[in-house]
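Got a structure here, written out as structure tokens. Questions coming.
Rule-based calculations on the coordinates, nothing more; no lab input. Every value quoted in this text rests on a predicted model; they were computed, and no experiment measured them. Because the Cβ atoms are built from the backbone with ideal geometry, glycine has one as well, and the counts that use them run over all protein chains shown.
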Amino acid sequence: MLSSDVPTYTIRVEHDGAHHTFSARADQTVLSAAAAAGVPLPSSCCSGVCTTCAARLLRGNVHQPDAMGVKAELRDAGYALLCVAFPRSDLEVLAGQEDALYEAQFGQYQK
């Protein structure tokens, strides 16, 4: 498939009170598209294991088969790891959700 045949989506990200809009192809991760657009987002391992790049999808869908750091039910609830999340539609994203994801996954064990 030629790169011109790959769908491109509009990504809107809120992070630390700032709003950013950039494009991402269906064959690139949201994190790599953000970096290419000069949008700084938190990241660390870039392989779907840690949760530094955790985000909450407010609108839209991603394909993230390598998001090992997020339980399936939390992926279904809208959590995504942007380093391994490939857009499948236009997105509205709340980035910087590492603490919220940690609490959702492990909070019951901390009480």
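Quick one: which residue in 73, 92, 103 is surrounded by fewer than 19 Cβ atoms within 10 Å (Cβ to Cβ) and assigned to a strand (DSSP E or B)?
Unique residue meeting the criteria: 92.
Here's something else I'd like to know. Is one or more of the residues making up the stretch 26-42 in a strand (DSSP E or B), in contact (Cβ under 8 Å) with a residue 40 or more places away in the chain and aliphatic (A, V, I, L, M)?
The answer is no, given that none of the residues of the stretch 26-42 is in a strand (DSSP E or B), in contact (Cβ under 8 Å) with a residue 40 or more places away in the chain and aliphatic (A, V, I, L, M).
On the given criteria, is residue 34 surrounded by fewer than 15 Cβ atoms within 10 Å (Cβ to Cβ) and within 18 Å of residue 98 (Cα to Cα)?
No: the conditions fail for residue 34.
Another question, if that's okay. For the condition within 22 Å of residue 17 (Cβ to Cβ) and either of a type in the set (Lys, Arg) or in contact with a His (Cβ under 8 Å, 6 or more places away or on another chain) (or both), what is the one hit in 54, 80, 34?
Result of the check over 54, 80, 34: 34.
Could you please find all residues in the stretch 52-70 being of a type in the set (A, V, I, L, M, F, W, C), surrounded by fewer than 17 Cβ atoms within 10 Å (Cβ to Cβ) and touching a strand residue (DSSP E or B) at 6+ places or on another chain (Cβ under 7 Å)?
58
Please name all residue pairs, on different chains or six or more residues apart, with Cβ atoms under 6 Å, provided the first residue is in the stretch 84-103 and is farther than 17 Å from residue 15 by Cα and the second residue is among the charged types (D, E, K, R) and surrounded by fewer than 20 Cβ atoms within 10 Å (Cβ to Cβ).
Between residues of the stretch 84-103 that are farther than 17 Å from residue 15 by Cα and residues that are among the charged types (D, E, K, R) and surrounded by fewer than 20 Cβ atoms within 10 Å (Cβ to Cβ), the close pairs are 84/66.
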